[in-house]
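Visitor: Take this structure, written in structure tokens, and hold onto it; I'll ask about it next.
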Amino acid sequence: MKLFGGGKPDHPMTDAKEARRILGELPAQDAVRALEELAHWHESLSLAEGFRPEERIELLLLVDDAAQPRVRKLTRDYLAQAPTSRFQENRLWTALHEYWRQAGLALARAVDLFVQGAKGAEAARPALPLLLVRALRAAAQQVKWMHMRYGPYDYAVWGVLNRVYAYAESRGLAQANVTVQPGLPAQSTPWFEFARAALLSASAPEGLLPAEIDLAERIVGELAGHFAIAEAPTTALTYWTDLGKPMAPQRALQAPTPAAGLRCLGAGAALAAVRALAERIRTTAALPSGLNLVPGESTEEVLEVLEHLALYWSPQAPERKHQRHRVSSLLTVANGLKGVMDTLGNGPASSAETWVIENVSAGGFGAMVPQVKGDWLRVGALVAIQPEGGNNWVVGMVRRVSKTPDQRARVGIQTLSRAPAVSTFVLAGARNASEQGVLLRGNDPASADVQIALRPGIFAPGQNLEAARAGRQHVYVPTGAGERGEDYEIGRFRELVREA
């Protein structure tokens, strides 16, 4: 690739002054459009001929600086409590993912100028530590946004991330501390950026909701300085990767093959920290400081994510509560609270999907989705499922999703009830207020502990629900909150029965 030409580069951003003028004219009220333009500038600047390395790096960093307020705004919009339309969700995700993709490629190309010993690269050496941090952060953000949709995953991104970090080590810059953004106090190192990306991806984000993935990333960022990385395995280093390969970190179920690029990773002192934070929340019911939380995050949400991280950072690999048995049969699936209620009441609709069961246990199913239809398939989705040849429906919740590039997916489903029933519930104390929902009984038919799924906003603290069935009056006394999704909330109740 010809990198240098005579005179000024044939490019609109000929220098930093002109770049600032162009960046100042970005749409102020349309962050999506502005981010799309910034992604274009990354691609254009990284491929244009005629820039000296220090000029190219300076311009790329100016573009990245201009993007950060837009990235923060669109991320907040994407994770907003009120669900947006699918069109808007896709628009936001595409803008954010594409920006980080182009930023990661552009910054990695700039790092490659040093790797290849391009003319003039050493003159730009003072900018190399910051360039390495920004390149690693951009690649890590692209990985994060792939996690937000549970794939498909482009492992070439891990190839870039691993190679950039390997180069940082080779130049003795892994611990080089830099101020990441002008005007902001936060500092980082290439080691920190790599450790944060590696441990977040190793923490089973496929089992978290998008908002929980974002929260986990912030907690990981606060604790990443306690992580451990070494060139040889130990019992405390629970994951490994090879910097010479395009691979994400993997659980070290057995000793990895020695290689020059082998790096073994573990949570280090961060494991004790997340356990202590979780215990403090259980004891005080208050959120601790220092976790980079955002307004509106509840103690329940933070506790759940902390427990999730502790589970996957532990030297002992997570064990399943129930033994799995391999099977192969078809599975009819209806999704969403309305789809579940319609199916339990009237049988499957034409929109029902057919999946393939791969394994089954007392706690749920593992299944393969031959073709992902629509974008409803995500962690937390409520489903009604019926194995081929069966005559009863089971209600469950999607707990794990991993999509593939060929529009397939593997999912894990937790069973909520093997004897669900649609029922009309009356809100105690509210005259003529009734709501249809799903009664979810557990495996013990004699137990008075049940769950009820209703649409969001119906449950009220301390409010009983009532239902009349078979000449008896059923009163449901609330005992706690359960799971929630985009179109449902589940409450826990103690069932009392009296004659009508």
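The values are calculated or read from the model by the stated rules, or taken from the named source; none is laboratory data. Given the structure is predicted, the values throughout are model-derived calculations rather than measurements. So basically every Cβ, Gly included, is an ideal-geometry build from the backbone, and we count neighbours across all protein chains shown. Accessible surface areas use protein heavy atoms only, side chains included; no ligands, DNA or RNA. Shrake-Rupley method; radii C 1.70, N 1.55, O 1.52, S 1.80 Å.
Visitor: With an 8 Å Cα cut-off and a minimum separation of 6 or more residues, compute the relative contact order for segment 164-223 in percent.
Guide: Details: 37 pairs, mean separation 14.5, N = 60.
For segment 164-223, the relative contact order is 24 percent.
Visitor: Here is a follow-up. Expressed as cubic angstrom per residue, what is the convex hull volume of the alpha carbon set of segment 372-496?
Guide: Taking only Cα atoms, segment 372-496 has a hull volume of 127 Å³ per residue.
Visitor: While we're here: First measure r as the distance between the Cβ atoms of residue 65 and residue 433, then evaluate 1/(1 + (r/R0)^6) with R0 = 45 Å and state the FRET efficiency to the nearest 0.05.
Guide: My answer for the efficiency is 0.25.
Visitor: Report the one residue of 389, 349, 402 whose Cα lies farthest in the direction of the positive end of the charge dipole of segment 329-433 (charges on C-beta: Lys and Arg +1, Asp and Glu -1; origin at the Cα centre).
Guide: So the residue furthest toward the plus end is 402.
Visitor: Could you tell me which of 205, 223, 234 has its Cα farthest along the dipole of segment 205-288 towards the positive end, charges placed at Cβ (Lys, Arg +1; Asp, Glu -1), taken about the Cα centre?
Guide: The listed residue farthest towards the positive side: 234.
Visitor: Please report the carbon-and-sulfur percent of the accessible area for segment 288-352; probe 1.4 Å, protein heavy atoms only, DNA, RNA and ligands left out.
Guide: 48
Visitor: Hey, another quick one. Antiparallel as a % of all DSSP beta bridges within the chain, to the nearest 5?
Guide: Values: 79 of 79 bridges.
Rounded to the nearest five, the antiparallel share is 100 percent.
Visitor: Order of 99-108, 21-30, 436-445 by packing, highest average Cβ count within 10 Å first?
Guide: Sorting 99-108, 21-30, 436-445 by mean packing, highest first, produces 99-108, 436-445, 21-30.
Visitor: For Cα pairs less than 8 Å apart in space and 6+ apart in sequence, what is the mean separation divided by the residue count of the chain, i.e. the relative contact order in percent? Don't jump to the answer; show the numbers that get you there.
Guide: Values: 919 pairs, mean separation 41.8, N = 500.
Relative contact order, the chain: 8 percent.
Visitor: Still on this structure, I have one more. Please calculate how many Å² of accessible area the chain carries per residue, with a 1.4 Å probe and no DNA, RNA or ligand atoms counted.
Guide: 48
Visitor: Given points 7 Å out from each Cα along the Cα-Cβ axis, report the residue 307 to residue 90 separation in nanometres with one decimal.
Guide: Taking the simple label geometry, residue 307 and residue 90 are separated by 3.6 nm.
Visitor: Moving to a separate point now. Using DSSP to define loop residues, name the GluC sites (Glu not before Pro) in segment 356-452 whose beta-carbon has at most 14 other beta-carbon atoms within 10 Å.
Guide: On the way: sites: 358, 388, 435; in loops: 388.
For GluC sites (Glu not before Pro) across segment 356-452 that sit outside H, G, I, E and B with at most 14 neighbouring Cβ atoms in 10 Å, the list reads 388.
Visitor: Size of the dipole of the chain about the Cα centre, Lys and Arg at +1 and Asp and Glu at -1 on the beta carbon, nothing else charged, in debye to 20?
Guide: The calculation lands at about 500 debye.
Visitor: OK, next. What residue among 339, 160, 369 has its Cα farthest toward the positive end of the dipole of the chain, where the charges are +1 on Lys, Arg and -1 on Asp, Glu, each on the Cβ?
Guide: Working it through, the farthest residue towards the positive pole turns out to be 369.
Visitor: Using a simple charge model, +1 on the beta-carbon of Lys and Arg, -1 on the beta-carbon of Asp and Glu, nothing else, what dipole does segment 27-159 show about its Cα centre, in debye to the nearest 20?
Guide: Using only the charged Cβ atoms, the result is roughly 420 debye.
Visitor: Please determine, in degrees from 0 to 90 and to the nearest 10, the orientation of helix 336-346 with respect to the longest principal axis defined by the Cα atoms of the chain, where the helix direction is its Cα long axis.
Guide: 30
Visitor: Per residue of the chain, what 222 nm ellipticity follows from adding -39500 (n - 2.57) for every DSSP H run with n ≥ 4, rounded to the nearest 500?
Guide: When only DSSP H runs of four or more count, the value is -12500 deg cm²/dmol.
Visitor: Give the total of Lys-Lys pairs in the chain with Cα-Cα distances below 28 Å; include a pair only if its members are 8 or more places apart or on different chains.
Guide: Close lysine pairs found across the chain: 18.
Visitor: If you take the square roots of the eigenvalues of the alpha-carbon gyration tensor of segment 250-355 and sort them as a ≥ b ≥ c, do you get rounded (a/c under 1.5), prolate (a/b over b/c) or oblate?
Guide: Here segment 250-355 falls in the oblate category.
Visitor: Arrange the peptides 278-287, 484-493 so that the one whose residues have, on average, the most other Cβ atoms within 10 Å appears first.
Guide: 484-493, 278-287
Visitor: Quick one: dipole size for segment 393-500, taken about the Cα centre, charges +1 on Lys/Arg Cβ and -1 on Asp/Glu Cβ, in debye to the nearest 20.
Guide: In total the dipole reaches around 260 debye.
Visitor: Compute the angle between helix 86-115 and the longest alpha-carbon principal axis of the chain, please, reported from 0 to 90 degrees and rounded to the nearest 10.
Guide: 30
Visitor: With a ≥ b ≥ c taken as the square roots of the eigenvalues of the C-alpha gyration tensor of segment 162-250, please select rounded if a/c is under 1.5 and otherwise prolate if a/b is larger than b/c or oblate if it is not?
Guide: Details: a/c = 1.77, a/b = 1.03, b/c = 1.72.
The shape class here is oblate.
Visitor: May I ask for the angle, rounded to the nearest 10°, between helix 31-47 and the longest principal axis of the chain, with both axes built from Cα atoms and the value confined to 0 to 90°?
Guide: With rounding to tens, the tilt is 40 degrees.
Visitor: What is the percent carbon and sulfur in the accessible area of segment 119-175, measuring with a 1.4 Å probe over the protein chains and ignoring ligands?
Guide: The nonpolar share, carbon plus sulfur, comes to 58 percent.
Visitor: On to the next question. What relative contact order, as a whole-number percentage, does segment 426-497 give when Cα pairs under 8 Å and 6 or more residues apart are counted?
Guide: 30
Visitor: Now for a separate question. Using the Cα gyration tensor of segment 56-112, with a ≥ b ≥ c the square roots of its eigenvalues, what is the shape: rounded (a/c below 1.5), prolate (a/b larger than b/c) or oblate (neither)?
Guide: Cα axes put segment 56-112 in the prolate bin.
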